[in-house]
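Computed from the coordinates by the stated procedures, all read-outs in this text should not be read as laboratory data. Note that the coordinates shown come from a computational prediction; the quantities given were computed from them, not determined experimentally. All Cβ positions, even for glycine, are placed from backbone atoms using ideal geometry, and neighbour counts span all protein chains on display.
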Amino acid sequence: MEAPPVTVMPVTGGTINMMEYLLQGSVLDQALESLLHRLRGLCDNMEPETFTDHELVYLLKGQQGNPFILRARRSLSHPKAPWHLRYLGQPEVGDKSRHALVRNCVDVAASHSLPDFLNEMGFRMDHEFVANGHIFRKGAMKIVVSKLSRILVPGNTENTERLSLSYLVELSVLAPAGQDTVSEDMRSFAEQLKPLVHLEKIDPSKQRH
Amino acid sequence: MSGGPAVRVSIESSCEKQVQEVALDGTETYVPPLSMSQNLAKLAQRIDFSQGSDSEEDGAEGEPRDREWGKQEPEEEEGTVKFQPSLWPWDSVRNNLRSALTEMCVLYDVLSVVKEKKYMALDPVSQDPTAGKTPQVFQLISKKKSLATAAQLLLKGAEKLTKSVAENQENRRQRDFNSELLRLRSQWKLRKVGDKILGDLSYRSAGSLFPHHGTFEVIKNTDIDLDKKIPEDYCPLDVQIPSDLEGSAYIKVSIQKQAPDIGDLGTVNLFRRPPKTKAGTQPWHVKLEAAQNVLLCKEIFAQLSREAVQIKSQIPHIVVKNQIISQPFPGLQLSISLCHSTGEKKNHRTSPEKPKPDDHLYVLEHNLHQMMREFHKQQLSSVVMPHPASAPFGHKRLRLAGPLAYDKAEISSLQQSEGLLEKIIKQAKHIFLRSRTARTIDSLASRIEDPQIQAHWSNINDVYESSVKVLITSQGYEQICK
């Protein structure tokens, strides 16, 4: 029996070369209800979906300066769901007129042995946190309203402490590279959420101190 | 009272004693003030006994009474006439009291005489017999009058109410722009962009992935002349739909036995009557619904034609202009066409070609719509939502493919295997086979007299399967075979 043909061409496109377009903002706790109400009206007509996730951030310190960061995330509300491993590249410095933050993004689903695997590979866990909130969708756009909490005892997700009195709002789209109409749609959607929340492009590299 | 220092105020009564005479040496001799008894006497003189507490009436009655008893009491009259003011002040009081006593005595005497009923009798004053009737008639008339006035008041009030209700209805008929806009907003998605009001009539929020934007604009109808009478169907609001969604459309699915000429392909452009507007629906609603239907038909046709081109089958499907032709069975042709009439229907009405009523399979058209909506609904199911939240959208089970190392067979079993076109072809095959089977059984049953053949078709069928029970019996025998 012949072996099935193996493609020798490198795999391009598909899910490998996806870019994440991101806009972020935040609302205070008091404004959460009105924001959820508005999102419920603007987004696709589905039952509201809540989530509770536990995210661990792993670092691989190489010889050079910048460490390699991988984010591993699992769902606490759906324990049987697979882990999600994500790599986010540097934000693309394109023209300044682009409205959203664009960066390379690789998403992989992983089994429950992921933390051990990463430890064996040499990654070390830098920090972890718990996020819970609501998730909405409009077409290809995903809107996540989440509250981040700090884990006091490593590994214990029950004992958490809220990091702030506000909710983080993120509008993101996963699209193949080169589609610039996506950022236009995101901007027009963000316009509709003003003045409840101002979603804007926040460069993570500028945040670091 | 201001908070200044207290001021002593002394009060002195004015000199109350009257001066009687002034002596030569300047001393004044005052009239001595009246003593208590003198004061009382002076006041008693002023009492008027003829005036009772009921003032006038008693006074008037008192006078004739005085005259009546005048003859019997000449002495008392003389006594009152002989009143001399120079007598002591209590004299008038004494006289009045004496006359009162006399009158009381007389009254007492009369009453005692009347009580014996020998010399004096009391007779009731006779009632006027006619006075009894008139009160009733009078009552009736007065009641009638009062009822009439009450009725008039109520009628006036009712008139006012009906007038105000009629005015309200008139206002409503005139249809204010804002109230109409509110009504529009209760049924369609609207948003304000700058100074324009845009709306969305696509199925995107219901799960469609069709790239048509589906935005319509709401404009104010200002070409109304307020002086002229407002027409019946006036609406202050007008919607402007995208030009490619104008008119009405439907998907015509038909099965034909013979294959038409190649040249005839793509010429299907039939239309049916525009749907009758229900009384009470606004014109914009009809317009928007028609546009939405056109959009849905376009999406269905786009999906079908995409699949027709992509899916490999033994007999390739032909896609020509607005028609898709495929052959489910040899000799049988299934044609699906999008019939879109843009509204200039007056010219086309003269075309003599009338479609045969049973040519168009309404069932399949309905099924197409239904399948499209099911596809939309699947897009929105919560199975698609990612847990954890950072994961991309996608079917929940497909996300397990990586960790659980699914092979190709398992993955392909998870994904949608059949497209819209394949499904509809299967359904068309089923319909054709069912009708052919029924015809065959019926022809056999009519041709063969012995044994008898009966066919019971089940009412409840699937789109892909039907069930029929065929009974073959022979007259006189209980069972035909063991």
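Around B:Thr440, what is the net charge, scoring Lys/Arg as +1 and Asp/Glu as -1 over all other residues with Cβ under 15 Å from its Cβ?
On the way: positive: B:Arg434, B:Arg436, B:Arg439, B:Arg447; negative: B:Asp442.
Net charge in that neighbourhood comes out at +3.
Other protein chain C-beta atoms within 10 Å of residue C-beta, averaged over B:379-387: 6. Averaged over the residues of B:178-191, the number of partner chain Cβ atoms lying within 10 Å of the residue Cβ comes to 0. Computed from the C-beta positions of B:Tyr406 and B:Gln378 and an R0 of 25 Å, the FRET efficiency is 0.75 to the nearest 0.05.
With the highest mean first, a sort of the peptides B:28-35, A:68-75 on other beta-carbon atoms found within 10 angstrom per residue produces A:68-75, B:28-35.
Computed log10 I(q)/I(0) for region B:425-473 at 0.13, 0.20 Å⁻¹: -0.34, -0.69, from the Debye equation with unit scatterers placed on every C-alpha and solvent omitted. Spin-label model, B:Ala302 to A:Asp116: label points 7 Å out along the Cα-to-beta-carbon direction sit 4.9 nm apart. Legend: distances between Cα atoms for A:Lys138/B:Lys189; B:Lys298/B:Lys429; B:Lys192/B:Lys220; pairs beyond 18 Å are B:Lys298/B:Lys429. Per residue of peptide B:201-208, the mean number of Cβ atoms on other chains within 10 Å of the residue Cβ is 2. Put the Cα centre of region A:41-55 next to the Cα centre of region B:436-462 and the gap is 55 Å.
Please compute the length gained on full extension between B:Leu147 and B:His366, using 0.36 nm multiplied by the number of residues separating them and subtracting their Cα-Cα distance.
Answer, rounded to one decimal: 72.1 nm.
Is any residue of region B:422-442 close enough, with backbone N under 16 Å, to a label point placed 7 angstrom from the Cα of B:Val470 along the Cα-Cβ axis, and if so, which? It comes to B:433-442, nothing else.
Between B:Ser14 and B:Met104, take the C-beta separation as r, use R0 = 35 Å, and let me know the FRET efficiency to the nearest 0.05.
Values: r = 47 Å, r/R0 = 1.36.
Efficiency, from the Cβ-Cβ distance: 0.15.
The chymotrypsin sites (Phe, Trp or Tyr not before Pro) of region B:447-477 meeting both criteria, a DSSP state outside H, G, I, E and B (loop) and at most 14 other C-beta atoms within 10 angstrom of the site's C-beta, are B:Tyr464, B:Tyr477.
Among residues other than B:Asn39 with Cβ under 14 Å from its Cβ, the summed charge is +1 (Lys and Arg +1, Asp and Glu -1).
Could you sort B:209-221, B:399-411 so that the peptide with the highest average Cβ count within 10 Å comes first and the rest follow in order? Each step should come with its number before you reach the end.
Numbers: B:209-221: 15.7, B:399-411: 13.2.
Packing proxy ranking, top to bottom: B:209-221, B:399-411.
Binning all Cα-Cα separations of chain A at 10 Å, short to long from zero, yields these whole-percent fractions: 7, 28, 36, 21, 6, 1, 0.
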